[in-house]
Every structure is written in structure tokens, then in C-alpha cells.
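To start, the structure itself, in C-alpha cells.
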Amino acid sequence: MLKFTFFILFLFINFSWASTATKFEVVNLENLKIETLQIGVKNTVIFFSSIDCPCSDSHLSHFVDLKKQFPEITFVGINENGKERIDEIRSYYQNKNLNFPIFLDKDFKVADALGAVKTPHVYLLDKEGKIIYHGGVTNSSNFNSATTFYLQEVLNDISKGQKPRRDFARALGCYIAR
């Protein structure tokens, strides 16, 4: 019983810690300098991506479209794969014509703090840094096969001043390689 109590306490502490996030140190892929990513000015979508993950690749243009559709939302990509080389990562994203920044989480601190396990895995944080949605972008690991667009639905809800219709959906994709 004591082990079970500690396990429940551990889950509660981890959930509480991950339910609010405001500052992360990341590497800017454009200039390779360490920056502090500050959350808390406006609603922010943080999504985890990997250049080796076909699931991430198939959803990347959707993020570009969502950024155009929701300019009031900050979009931030985090490349999250310990087995990828920085020169390959930079080249990959430079060829994608993105309208938002991509950062590198060298020590997996952002992924660990938020609880990201797959790419693409998305988190929508409010102006105070509280997680209001996390999980999958769509109901398919391949964007072209998707029939339900979870993140877009939630962004539509909050842009109308409504409570998001869901706060979680299962993330489908590649596991983050550490």
C-alpha cells in the first residue's frame, strides 16, 4: 500500500509540475545560440518534431497553415531526437519554408517537463503557461489520412472565446529517441 501511495503522489507531483510551464532553455537552430524560450505573453503551441520521423514530416505543412489561420497564437517547434545531427536538422528545416521558429532541446528538458513522448506531440499553453491541450495533432500518424484535426478544433474553440472541446488526444507518431 505504501508503494502505491508513493506512486500516486509521484504521478500527482509530475502532473502538477507539467501542468504549468513558462521558461525553457533551448538552442536556436538559426544561430546555434542558447536562448530562453519564455511562455506567457500569448497562447502558444509547442510541438515536438523530428527530421527522421515521417509522421512529423507529414504534419509540418499543417503547422504552417495553422500559423496563418491563427496569427494571434505563437507557434514554436522543438526538434527532439538525440540521434540527429545539427547540420542535418538545420538543412531540413531551412528547406521547409516555415513561418515559426524551430529550436533544439539538447538535454530533453522541454520534453521531460511537458511529458512529450512522440513526434509530433503538441502542447497548447495559455497566456499564463498552463497546458490547456496536449497530445495528437490529428487522428492519424499520416496527415493525409487524417479525418479529425484535434489541434485545429481546439484552436478554433479558443479563438471564439470558448472552452476547448478536449484537453487531450492520443499522440500518434514516432517515439522520441533519447
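Every number here is computed from the coordinates shown, using simple stated rules; none is lab data. The model shown is predicted, which means the values in this text are computed figures rather than measured ones. FYI the Cβ positions are ideal-geometry reconstructions off the backbone, even for glycines, and counts take in every protein chain you see.
Please identify the helices of the chain, taking whole runs of DSSP H, that span at least 18 Å along their own axis as judged from the Cα atoms and have a mean Kyte-Doolittle score of 0.5 or higher. Write out the running numbers ahead of the final one.
Working: long enough: 2-18 (24 Å, 1.72); 54-69 (24 Å, -0.73).
Qualifying helices: 2-18.
Once the dipole of the chain is set up with Lys and Arg at +1 and Asp and Glu at -1 on Cβ about the Cα centre, which of 28, 46, 77 lies farthest towards its positive end?
Going by the Cα projections, it comes out as 46.
With an 8 Å Cα cut-off and a minimum separation of 6 or more residues, compute the relative contact order for the range 21-175 in percent. The partial results should precede the final answer.
On the way: 306 pairs, mean separation 42.9, N = 155.
Relative contact order, the range 21-175: 28 percent.
Report the far tail of the P(r) of the range 21-175, meaning the percent of Cα-Cα pairs longer than 21 Å. All intermediate terms of the calculation are to be shown ahead of the outcome.
Numbers: 4649 of 11935 pairs.
Here the long-distance tail beyond 21 Å is 39 percent of all Cα pairs in the range 21-175.
When you count, for each residue, the other Cβ atoms within 10 Å and take the mean per peptide, how do 36-44, 78-86 rank with the highest first? Don't skip to the end; give the middle numbers.
Details: 36-44: 14.8, 78-86: 17.7.
Sorting 36-44, 78-86 by mean packing, highest first, produces 78-86, 36-44.
Just from its helices, what would the mean residue ellipticity at 222 nm be for the chain, if runs of 4 or more DSSP H residues each count -39500 (n - 2.57) and the sum is divided by every residue, rounded to the nearest 500 deg cm²/dmol?
Working: 5 runs with 58 residues, N = 178.
My calculation for the chain gives -10000 deg cm²/dmol from helical runs alone.
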